[in-house]
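The values are calculated or read from the model by the stated rules, or taken from the named source; none is laboratory data. This is a predicted model, so every value here is computed, not measured. Cβ placement follows ideal geometry from the backbone for every residue including glycine, while neighbour counts extend to all protein chains displayed.
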Protein chains: 4
Amino acid sequence: DKPFTLFGGINVLESRDLAMSAAEQYVRITEELDIPYVFKASFDKANRSSINSFRGPGLEEGLKILEEVKNTFNVPVITDVHEPYQAQPAAEVADIIQLPAFLSRQTDLVMAMAKTGATINIKKAQFLAPHEMAHILTKFQEAGNDQLILCERGTSFGYNNLVVDMLGFGIMKETGFPVIFDVTHALQRPGGRLDSADGRRAQVTDLARAGMSQKIAGLFLESHPDPSQAKCDGPSALPLDKLKAFLEQMKAVDTVVKEMPEIVTG
Amino acid sequence: DKPFTLFGGINVLESRDLAMSAAEQYVRITEELDIPYVFKASFDKANRSSINSFRGPGLEEGLKILEEVKNTFNVPVITDVHEPYQAQPAAEVADIIQLPAFLSRQTDLVMAMAKTGATINIKKAQFLAPHEMAHILTKFQEAGNDQLILCERGTSFGYNNLVVDMLGFGIMKETGFPVIFDVTHALQRPGGRLDSADGRRAQVTDLARAGMSQKIAGLFLESHPDPSQAKCDGPSALPLDKLKAFLEQMKAVDTVVKEMPEIVTG
Amino acid sequence: DKPFTLFGGINVLESRDLAMSAAEQYVRITEELDIPYVFKASFDKANRSSINSFRGPGLEEGLKILEEVKNTFNVPVITDVHEPYQAQPAAEVADIIQLPAFLSRQTDLVMAMAKTGATINIKKAQFLAPHEMAHILTKFQEAGNDQLILCERGTSFGYNNLVVDMLGFGIMKETGFPVIFDVTHALQRPGGRLDSADGRRAQVTDLARAGMSQKIAGLFLESHPDPSQAKCDGPSALPLDKLKAFLEQMKAVDTVVKEMPEIVTG
Amino acid sequence: DKPFTLFGGINVLESRDLAMSAAEQYVRITEELDIPYVFKASFDKANRSSINSFRGPGLEEGLKILEEVKNTFNVPVITDVHEPYQAQPAAEVADIIQLPAFLSRQTDLVMAMAKTGATINIKKAQFLAPHEMAHILTKFQEAGNDQLILCERGTSFGYNNLVVDMLGFGIMKETGFPVIFDVTHALQRPGGRLDSADGRRAQVTDLARAGMSQKIAGLFLESHPDPSQAKCDGPSALPLDKLKAFLEQMKAVDTVVKEMPEIVTG
């Protein structure tokens, strides 16, 4: 588990060209820094606040772009699915398919995803306690899939706010499965804008450092060349030109904490 | 809006006989008390904590039972749908179809439900602020459906707990749409049992009275002849033999508050 | 416990004349409506957000005003104390002395208040669960005072917000002590203004009705002839000219719910 | 601000011997690790859950012990005060006096502490947002004292739980004052035991690492030679024999993050 794996990319497949250009930069920088890398992008944003919000190219077109990224750069890819019928086609392209947070308790989706044999990234819902993730892990295991990853992305804290409970990482690590941290979505302020979530992009490095301090298996990150123009979650996205400086810091924290022996205090 | 409408029934269609027997009692008692009534039951519990939990008879068999209830007792029925393909068949039987709380931001499901022309009951997600419901109403309206109901069922409050913010009723009523209160699910303690939610059944009358004090359009209630044996959410269900006493009190509160003029204090 | 007792008055003793004028109106209206009444006012606001905020006339001058109210209108009075030395002099005038929410765990203050023999109104801190109030009751009882009242005033809910958990009334009533509801402070938005708390005055009637639906012993209310000019907590205060209409509604709810038999559902 | 300062010691002055023995170990280890050090202990636990809980030796006897620690080991000391009259005598011995979280808005206590001229450690109340600390800083400054430290110790998260919002450190650092992290009290589970708070001692190293990742001025820590026998907050205390290993890790995290340049992403 040393160093961490980066699940990095863009929020939604705004265009084939954005995906290729972003992937090129992620691949180059993670190679320079010797950080294992998985490209992330969504083909559909299925739960936008507004019906008029941009959703993406859809399943078919989206998977084509992901396949081009995968073949061009020789990297694994991850994408999220929203309905059972999407699991199998997505898994034919993606190495890892992701269970969205709001849908993390939908049994049919879990079953369809499990059957693909792909590795599954389970986003922890904003309304679940860390120890409740054990139920979802069991669902996947009973459906025959134990290639599972748990992903923290913040917990509801009053209205229109999320908080990351650092103690949750340790609780989830006790399951024995890899735990990763989606710093981008943890920065959201749900309902914070008129038609969409607001975010706290200015604090991305601070929050990511805190996550990396927890000896986690991976970091999930979305960037954009111009966050103010991003079609979804720009307020939480890292400006792409800061990626290298950002990852250097994350690797430094990860390296120093993973060298530390456990201190038994309980 | 006087008196309130009862959306009452059972959690899940455990059997045809339970549904018919419960419906018979609901119908008889609401007629005696002159309370408008809609029968509620789910054909599928799609997000149970465990894969081994009882889910129900499924769409086809479930709709048959709902149709029998509807025809036998001449009452409207409401049921919840979980995937877009279920909306149309459910709406052919049910007068009202319900958008589940966890799924309340899934655009495709919203669209499919809107197109049926049925009345929609929108459960407010545990992770949403009352004012954010405006986005979901707009989604339905833009999809051509304005027969909409908003339903409060509690908000995440720390881990494994829900709280009902009484001020949320007033905020949601400002949308102009009817607002109802699902007292049963608001009593849940999510993740409170080893394999399922716990509940606070002993406090159902207290919490329902508080909701009724808010001049709301309706009450959503699940009962069971023996809550300790219920296959889902028994810890939050009203014992069916208390239904009449319970509804008498609810009607009394509703009547007294709806006679009160608004006092402008703001 | 029928009907409820009103603990009503003004936030802080802005002046002798305001106190006398407000008391006159409270006394007249509660007599008309046959509601037992206790006059409430603070001599010192000891925890304002800003050092420049108005604090009040202080202990000595404040007690003089309270005494004049008490003697003129022949009503019991309640006031809050903040340090142990204030308990005895306050209890010489006030029939009930109040333990502030933020201070509700300060043992020395509890002891000093207990020793006076006065009835004690214990505000539930925003950071305490309802069942934790049992500890504070025990503290007072072990110090020899069992004339105790518990007062709900909202619980921290994320940042800058309070929520009233209706289920807390029932939990606190199980202690056997009278439970009252401070609707005014429950309306606060802590830190919601640049230099002070904001409030949700427009919703005071809605929230008070919800509280009254819980068969409680009393209602705690602050009013002001012109809330926009009040020196403290105006955003949460009832306009004094709405008092009669407001109390008529509260009495109606209280009466109807207290006539209802308990329904055992647990 | 490199490296961080340790505000370390014991919860309450259980005895003169415990204080001297603990101080000896803290001093020796912080000298070995070259970490600036301030000895912390309370003379009175003024807000225990139960009246029968151990409170400590009191002001006079407690200050004697603190003075002996100070003179013997030549270290600065910090202690907390609870009433205005304690500020001056405490400041005659202690280099830093601490404003307790529950009392952080009590104006008289703030004024009395400010006047001593001592450095003030302001505990952030569990019910305050990070940006609200600006009000308390202003109170101290207007009272003539700007030797101020802000201390995070967790925020109310539902009932009986605290969460540390990592984004709060950055918000408080914008005030320009040093920000420290009380990891011990952030581990509390308020009301988690029959008569007192429970704690999450087993996770002290994880949570402290997260705090240190935020480039903070100091760490506040309580230890005990045998936490299971501690008279207060043992469930949150670090076993004293783990102190050296623990501090080595904290210094390593602090060093690596403070070498990192800020990345502007906002």
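Can you tell me which condition D:Thr205 does not meet? The list is (1) closer than 20 Å to D:Pro3 by Cα; (2) out of contact with any Leu (no Cβ under 9 Å at 6 or more places or on another chain), and all the others hold.
It is condition (2) that D:Thr205 fails.
So which residues in the stretch B:193-204 are without any contact (Cβ under 8 Å) to a residue 40 or more places away in the chain and not acidic (Asp, Glu)? Let's see the steps before the verdict.
Here is the first cut: in the stretch B:193-204, the ones without any contact (Cβ under 8 Å) to a residue 40 or more places away in the chain are B:194, B:198-203.
Of everything in the stretch B:193-204, those that are without any contact (Cβ under 8 Å) to a residue 40 or more places away in the chain and not acidic (Asp, Glu) turn out to be B:Leu194, B:Gly199, B:Arg200, B:Arg201, B:Ala202, B:Gln203.
Hey, which of the helices (runs of 4 or more DSSP H) in the stretch D:1-120, taking only ones fully inside, have at least 1 residues that are over 30 Å from C:Phe127 (Cα atoms) and without any contact (Cβ under 8 Å) to a residue 40 or more places away in the chain?
Values: elements: D:16-33, D:59-73, D:84-93, D:107-115.
Passing ranges, in order: D:16-33, D:59-73, D:84-93.
Which of (1) buried (at least 21 other Cβ atoms within 10 Å of the Cβ); (2) touching a strand residue (DSSP E or B) at 6+ places or on another chain (Cβ under 8 Å) is the odd one out, the single condition B:Gln106 does not satisfy?
(2)
Which is over 27 Å from A:Met20 (Cβ atoms) and touching a Leu at 6+ places or on another chain (Cβ under 9 Å), of A:Pro178, A:Pro225, A:Pro235?
Sole residue among the options that is over 27 Å from A:Met20 (Cβ atoms) and touching a Leu at 6+ places or on another chain (Cβ under 9 Å): A:Pro178.
Could you tell me which numbered condition C:Asn161 fails, if it satisfies all but one of (1) over 19 Å from B:Asn161 (Cβ atoms); (2) within 14 Å of chain A (Cβ to nearest Cβ)?
Evaluating C:Asn161 over (1) over 19 Å from B:Asn161 (Cβ atoms); (2) within 14 Å of chain A (Cβ to nearest Cβ) leaves (1) as the failure.
Please determine, by comparing only the residues of the stretch B:103-121 that are charged (D, E, K, R) and over 20 Å from the mean Cα position of the chain (by Cα), which one is farthest from the other protein chains (Cβ to nearest Cβ). Steps first, please.
Taking the stretch B:103-121 and keeping what is charged (D, E, K, R), we get B:105, B:108, B:115.
Keeping just the survivors that are over 20 Å from the mean Cα position of the chain (by Cα) gives B:108, B:115.
Values: B:Asp108: 6, B:Lys115: 13 Å.
Ranking the qualifying residues of the stretch B:103-121, first place goes to B:Lys115.
Among the candidates C:Leu187, C:Leu194, C:Leu221, C:Leu240, single out the residue that is more than 17 Å from the chain's Cα centre (by Cα) and not charged (D, E, K, R).
C:Leu194
Could you please let me know if D:Ala202 is more than 8 Å from chain A (Cβ to nearest Cβ) and either charged (D, E, K, R) or surrounded by fewer than 24 Cβ atoms within 10 Å (Cβ to Cβ) (or both)?
Judged against the criteria, D:Ala202 is not a match.
Can you confirm whether the stretch C:206-216 contains a residue that is hydrophobic (A, V, I, L, M, F, W, C) and surrounded by fewer than 22 Cβ atoms within 10 Å (Cβ to Cβ)?
If we filter the stretch C:206-216 for residues that are hydrophobic (A, V, I, L, M, F, W, C), which is where we start, we get C:207-208, C:210, C:212, C:216.
Subset that is surrounded by fewer than 22 Cβ atoms within 10 Å (Cβ to Cβ): none.
No: the stretch C:206-216 contains no residue that is hydrophobic (A, V, I, L, M, F, W, C) and surrounded by fewer than 22 Cβ atoms within 10 Å (Cβ to Cβ).
For the stretch D:35-53, what are the residues that are among the hydrophobic types (A, V, I, L, M, F, W, C) and within 9 Å of chain C (Cβ to nearest Cβ)?
Within the stretch D:35-53, D:Ala46, D:Ile51 qualify.
Among the listed residues C:Pro261, C:Pro235, which satisfies the condition of being crowded, with 18+ Cβ neighbours inside 10 Å and either modelled with pLDDT of 95 or more or in a loop (DSSP other than H, G, I, E, B) (or both)?
Among C:Pro261, C:Pro235, only C:Pro235 is crowded, with 18+ Cβ neighbours inside 10 Å and either modelled with pLDDT of 95 or more or in a loop (DSSP other than H, G, I, E, B) (or both).
When you go through (1) touching a helix residue (DSSP H, G or I) at 6+ places or on another chain (Cβ under 8 Å); (2) of a type in the set (Ser, Thr, Tyr); (3) away from chain B (no Cβ under 14 Å) one by one for D:Thr155, which number turns out not to apply?
(3)
For C:Lys173, state whether it is on the phi < 0 side of the Ramachandran plot, out of contact with any helix residue (DSSP H, G or I) (no Cβ under 8 Å at 6 or more places or on another chain) and of a type in the set (Lys, Arg).
yes
Could you check the stretch A:217-259 and list, in sequence order, the residues that are touching a residue at least 12 places away in the same chain (Cβ under 8 Å) and among the aliphatic types (A, V, I, L, M)?
Scanning the stretch A:217-259 gives A:Ala217, A:Leu219, A:Leu221, A:Ala230, A:Ala237, A:Leu238, A:Leu240, A:Leu243, A:Leu247, A:Met250, A:Val253, A:Val257.
Within the stretch B:27-44, can you find the residues that are crowded, with 21+ Cβ neighbours inside 10 Å and in contact with a strand residue (DSSP E or B) (Cβ under 7 Å, 6 or more places away or on another chain)?
Once the filter is applied, which keeps residues that are crowded, with 21+ Cβ neighbours inside 10 Å and in contact with a strand residue (DSSP E or B) (Cβ under 7 Å, 6 or more places away or on another chain), the stretch B:27-44 yields B:Thr30, B:Ile35, B:Tyr37, B:Val38, B:Phe39, B:Lys40, B:Ala41, B:Ser42, B:Phe43.
Right, B:Gln126: under 17 Å from the mean Cα position of the chain (by Cα), within 14 Å of chain D (Cβ to nearest Cβ), not acidic (Asp, Glu) and not in a helix (DSSP H, G or I) or not?
yes
Considering (1) modelled with pLDDT under 95; (2) closer than 27 Å to C:Gly211 by Cβ; (3) not hydrophobic (A, V, I, L, M, F, W, C), say which one B:Gly218 fails and leave the rest.
Just one mismatch for B:Gly218, condition (1).
Would you confirm whether or not the stretch C:169-177 contains a residue that is buried (at least 22 other Cβ atoms within 10 Å of the Cβ) and without any contact (Cβ under 8 Å) to a residue 40 or more places away in the chain? Don't jump to the end; show me each part of the working.
Pass one, the stretch C:169-177, residues buried (at least 22 other Cβ atoms within 10 Å of the Cβ): C:169, C:172.
Still in the running and without any contact (Cβ under 8 Å) to a residue 40 or more places away in the chain: none.
The answer is no, given that none of the residues of the stretch C:169-177 is buried (at least 22 other Cβ atoms within 10 Å of the Cβ) and without any contact (Cβ under 8 Å) to a residue 40 or more places away in the chain.
Output the number of the condition that B:Gly191 fails; it satisfies all remaining conditions of (1) away from chain D (no Cβ under 14 Å); (2) on the phi > 0 side of the Ramachandran plot.
For B:Gly191, the failing item is (1).
Go through (1) assigned to a loop (DSSP other than H, G, I, E, B); (2) farther than 18 Å from C:Arg201 by Cα for C:Thr255 and report which single condition fails.
For C:Thr255, the failing item is (1).
May I ask you to say which residue of A:Phe177, A:Phe181, A:Phe169 is assigned to a loop (DSSP other than H, G, I, E, B), more than 14 Å from chain C (Cβ to nearest Cβ) and either hydroxyl-bearing (Ser, Thr, Tyr) or under 29 Å from D:Thr205 (Cβ atoms) (or both)?
Only one candidate passes the filter, namely A:Phe177.
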